[in-house]
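Scroll down for the structure; my scribbles are underneath it.
The values are calculated or read from the model by the stated rules, or taken from the named source; none is laboratory data. In this text the structure is predicted, and so the values were computed from the model without any measurement. Here the Cβ is made from the backbone with ideal geometry for all residues, glycine too, and neighbour counts use every protein chain on show. These accessible areas exclude ligands, DNA and RNA; they are computed on the full protein's heavy atoms, side chains included. Shrake-Rupley method; radii C 1.70, N 1.55, O 1.52, S 1.80 Å.
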Amino acid sequence: MLTSQDIEFFVALSQSKSLAATARKLNVTPPSVSQRLQALEQKLKVKLVERGSRAISLTLEGNVLFEEGLAVLKQIELLESKVAEKNQAISGKIRVVAPVGYGTEKVSPLVAEFHKIHPLTHIELILSDTPNWTQVDPPDVVIYIGQLKDSSLNRIVLEKTNVSC
């Protein structure tokens, strides 16, 4: 069975003018390129390259391996980026507590927008003018208007506005 390393090697060889050029590109010795090519041809039981005195040319089978192999390598690269993208996706449960009026007007649209951008999240928005957070199941985010009385909480001022009543 072909490996991705076999395909990478053959694509590099196919894009070179000679075995020596391939060796320089891969930073290996020319005999190792020749041996690896022979091993690949034996594995596939076909001749992949016509070796000339100064240049190489691909056989029909070699052309197929080059073209299809290049497509496979591109698919592998795409797969890697998709998997890495999923790995970087934000996911999980987020509990947000906010006052009723401010939460309805300001926080709720932001929560909806955040969930649209990060669909793997589950956001629980709790609207209350008298929030009750416990150490057993504390919220992740508390939006609180007024003097902070619990010294165990970290305060980050998000917005200061002058409100006249």
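Note down the nm distance, to one decimal, between modelled labels 7 Å out along Cα→Cβ at ALA20 and at GLU67.
3.1 nm
Can you tell me the dipole magnitude for region 24-153 around its Cα centre, using point charges on the Cβ only (Lys, Arg +1; Asp, Glu -1), in Debye to the nearest 20?
Dipole of region 24-153, to the nearest 20 debye: 940 debye.
To the nearest 20 debye, what is the magnitude of the charge dipole of region 1-80 about its Cα centre, counting +1 on the Cβ of each Lys and Arg and -1 on the Cβ of each Asp and Glu?
Dipole size: approximately 440 debye.
Among SER14, ALA55, VAL83, whose Cα projects farthest towards the positive end of the dipole of the chain, with charges put on the beta-carbon of Lys, Arg (+1) and Asp, Glu (-1)?
Going by the charge dipole, the pick is ALA55.
If you average the C-alpha positions of region 45-118 and of region 2-43 separately, how far apart do those two centres end up, in angstrom?
With region 45-118 and region 2-43 each reduced to a Cα centre, they are spaced 28 Å.
Please list 92-104, 112-124 highest first by mean number of surrounding beta-carbon atoms within 10 Å per residue.
Working: 92-104: 16.1, 112-124: 12.1.
Most protected by this proxy first, the peptides run 92-104, 112-124.
For a quick check: with amide H placed at 1.01 Å from N, whose amide H comes under 5 Å from VAL142's, ignoring anything fewer than 5 positions away on the same chain?
Residues meeting the amide H criterion: VAL97.
Filter LYS47/LYS82; LYS82/LYS106; LYS25/LYS82; LYS116/LYS149 down to the pairs with a C-alpha to C-alpha distance above 31 Å, please.
Among LYS47/LYS82; LYS82/LYS106; LYS25/LYS82; LYS116/LYS149, the Cα-Cα distance tops 31 Å for LYS47/LYS82; LYS82/LYS106; LYS116/LYS149.
Note the full-extension length gain between ILE126 and LYS82 as 0.36 nm times their separation in residues minus their Cα-Cα distance, in nm to one decimal.
12.4 nm
In deg cm²/dmol, rounded to 500, what helix-only [θ] at 222 nm does the chain give when every DSSP H run of at least 4 residues adds -39500 (n - 2.57) and the total is split over its residues?
-14000 deg cm²/dmol
So who's got an amide H within less than 5 Å of the one on VAL49, skipping anything under 5 residues away but keeping other chains? H placed 1.01 Å off N, in plane.
THR59
What share of the DSSP beta bridges in the chain is antiparallel, in percent to the nearest 5?
25 percent
Take every DSSP beta bridge with both residues inside region 51-149 and express the antiparallel ones as a percent of the total, to the nearest 5.
Expressed as a percentage, antiparallel bridges in region 51-149 total about 10.
Please list the radius of gyration and Dmax for region 63-107, considering alpha-carbon atoms only, with Å as the unit.
Taking only Cα atoms of region 63-107, I get Rg and Dmax of 22.2, 68 Å.
Excluding ligands and nucleic acids, what accessible area in Å² is computed for LEU60 using a 1.4 Å probe, to the nearest 10?
Its heavy atoms expose roughly 140 Å² to the probe.
Quick one: which residues, 5+ away or cross-chain, put their amide H under 5 Å from the amide H of ILE123? H built at 1.01 Å from N.
Those lying under 5 Å, H to H, from ILE123 are ILE94.
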